[in-house]
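These notes are about the structure you will find just below.
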């Protein structure tokens, strides 16, 4: 997937020196969203307050190809405080969105989203110096590799669309006998000659059988 760089980022990366930053959105269920960046102190970027974690955060290389393939990313947080550790342990995270941005400090308002995916696995190691959290994030394309289990039942349909009656009669037609392209069976008939020795049987539905 092609990503466009902002003017500030494009200019900065062609300069002799550059002061970049990364910002990460860990979108746990509200109100537990976590915003971190690779600087110090709090920084408001596009209306969101990111907590600085400095060099205690590291990212794996982010790869994207022209092919439709799901490549992920790894995020490692070291020396995290008890607040972040408690959030990681107690808050459901699988399937929640993670966004990774790249920008330059000359203009914090201009940055580029370099990866977006779903939080998948979390490994936590605790030691005297603090906790280390490794988070594995899967590309959103990984959903294409997972089977979608859906049932053609009224109950399943209503669980997704309340009040939908589209599948209410599925069960009743399971063993129903239908005539398709064959002779029509009728409950009441009358016969009449149509000439040339052909007898036409007219049923309740008005469909003749010759």
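Put simply, the range 7-145 fits an ellipsoid with semi-axes of 24, 20, 14 Å; these come from the alpha carbon gyration tensor as the roots of five times its eigenvalues, largest first.
Applying 1/(1 + (r/R0)^6) with R0 = 22 Å to the Cβ-Cβ distance of residue 149 and residue 172 gives a FRET efficiency near 0.40. For the range 7-145, averaging the sequence separation of C-alpha pairs within contact (under 8 Å, six or more residues apart) and dividing by the residue count gives a relative contact order of 26 percent.
Net length available on complete extension from residue 5 to residue 74 is 22.6 nm, with 0.36 nm assigned per residue and the Cα-Cα distance removed. Placing pseudo-labels 7 Å out from each Cα toward the beta carbon at residue 32 and residue 107 gives an inter-label distance of 3.8 nm. Taking label positions 7 Å along the Cα-Cβ direction at both residue 13 and residue 126, the computed distance is 4.1 nm, reported to one decimal.
A short reminder: the numbers here are calculations on the coordinates, not readings from a lab. Values in this document were obtained by computation on a predicted structure and should not be read as measured data. Using ideal geometry, Cβ is built from the backbone for each residue, glycine included, and neighbour counts are taken over all protein chains shown.
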